[in-house]
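To start, the structure under review is shown below, and the notes come after it.
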Amino acid sequence: EVQRAFIGLERLSFAAENIRSFAAGSLRVASLPVLGHAFLPRVVAAFCRDFPGISVLLHIRSSEAVKDLVTAGQFDLGFAADEIDLAGVETQVFAVPEAVCLVPSAHPLAARMTLAPEDLADARFVSLASEDAARARIDRLFEQAGVRRRIVVETQYSVTICNLVRNGVGVSLVNPLALEGLDRTGLTVIPFKPRVHFRTLLITPPSGTLSQVAGAFLAEAKRQLALG
């Protein structure tokens, strides 16, 4: 409730800022951190080369806050994880990347070509927070395999997980999009089987109609995603 109150105050400041700085030729994009820290800056760079007259506001927030900002009409596009409440929201699946296993480079598992749940039995594990939908899918996979991990740290953000692994806290399964632009020194990335996916949703305004500018940005985002 406190977070929603702050969002209400932000809406007022955003409206005033939009009048001052984004009166014409503007695009407002809200995103969860895993896309907002590296992937979307790459998209914005390509978009701005093609549309140099457009001002872009890229706002990084939690997935639930992203949903609220777009549905309130304050932002043109939003990217959020799939744990959000979908009631009354216009969404489509944007990305479904396969999780990869992240281990410290000095770890005994770092020499493996692939990893499976059995390889992580009793391993010190850095996990996403319990409210994350991908966390539930990962937990279910290990339960079905009958494998017990030792969860030593839980945290909300993939970038934080990467740095915890780098510092030797444990191993983890992460969204590969979180690795873009990340210094991988001290980290080894290993494919994981069976597959388990992260899901990122695109949130559009309640009208379901995108402006030409928003449509062009979305097309560029899909193109950059296909490039890898």
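Every number in this text was worked out from the coordinates using simple rules, so none of it is lab data. Keep in mind the model is a prediction, meaning the values are calculated, not measured.
A Gaussian network model of the chain, with springs between Cα atoms under 10 Å, assigns the largest mean-square fluctuation among 197, 107, 37 to 107. Amide H contacts of residue 83: 133, each under 5 Å away and 5 or more positions distant or on a separate chain (H built 1.01 Å from N in the peptide plane; Pro and chain starts excluded). Between helix 212-227 and the chain, what is the angle of the helix's C-alpha long axis to the longest principal axis, kept within 0 to 90° and rounded to the nearest 10? Between the helix axis and the principal axis of the chain, the angle is about 20 degrees. Every helix of 4 or more DSSP H residues in the chain counts as -39500 (n - 2.57), and over all residues that averages to -11500 deg cm²/dmol at 222 nm. The alpha carbon centroids of region 204-218 and region 147-188 are separated by 34 Å.
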